[in-house]
Amino acid sequence: MRRTSFQFEGDFAAVLQEEYKQRARDPRYEYRHRVEYAAMGWANRIGHAEFPPGELNKILVDKHGVVPSKDAVNHVRRTKEWGLIESESNRRCLVLPEYRFQKGIGDVTCDDHGIRPAKRFRP
């Protein structure tokens with residue numbers, strides 16, 4: 001197995017986001033952890049994981065293939081109560097605590113939270 005070189009200051013380690021996407025879909029894990037795994041798997045550079053309407057419900061299907069339509073809101077709420085995601089998280093955008101998640105590449109926007117980089121004036 002070839003290792004990818006990266007460099008962070010402090011006590012950080014890299015994770016493979018694809019692995020967390022798989023865990024988010026795995027009904028063997030408790031829902032609060034699956035919601036956290038979804039946040040980790042789909043997070044962009046600023047720790048926001050945006051989902052189209054109904055997508056988080058599809059990710060959280062149970063072992064019988066049942067989509068927990070209204071339960072996704074409750075699962076997100078419980079995950080916030082445990083401090084695994086930030087309080088501004090909702091089923092359209094899961095937000096990871098900045099001190100726990102950093103990413104070197106990717107998008108720095110969030111439509112759900114209205115985050116856009118400032119446009120630079122160019123004469």
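Below are the figures for this structure:
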item: Top-ranked residue of segment 114-123 - restricted to ones that are of a type outside the set (A, V, I, L, M, F, W, C) and at pLDDT below 90, ranked as farthest from residue 71 (Cα to Cα); result: 123
item: Residue that is surrounded by the fewest Cβ atoms within 10 Å (Cβ to Cβ), among those in segment 97-120 that are free of Cβ contacts under 8 Å to residues at least 60 places away in the same chain and either of a type in the set (A, V, I, L, M, F, W, C) or under 23 Å from residue 82 (Cα atoms) (or both); result: 118
item: Helices (runs of 4 or more DSSP H) contained in segment 1-113 and holding at least 2 residues of a type in the set (Val, Ile, Thr) and at pLDDT 90 or above; result: 71-81
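The values are calculated or read from the model by the stated rules, or taken from the named source; none is laboratory data. All of these numbers come straight from a predicted model, not from anything done at the bench. Positions of Cβ are backbone-derived with ideal geometry, glycine not excepted, and every protein chain shown enters the neighbour counts.
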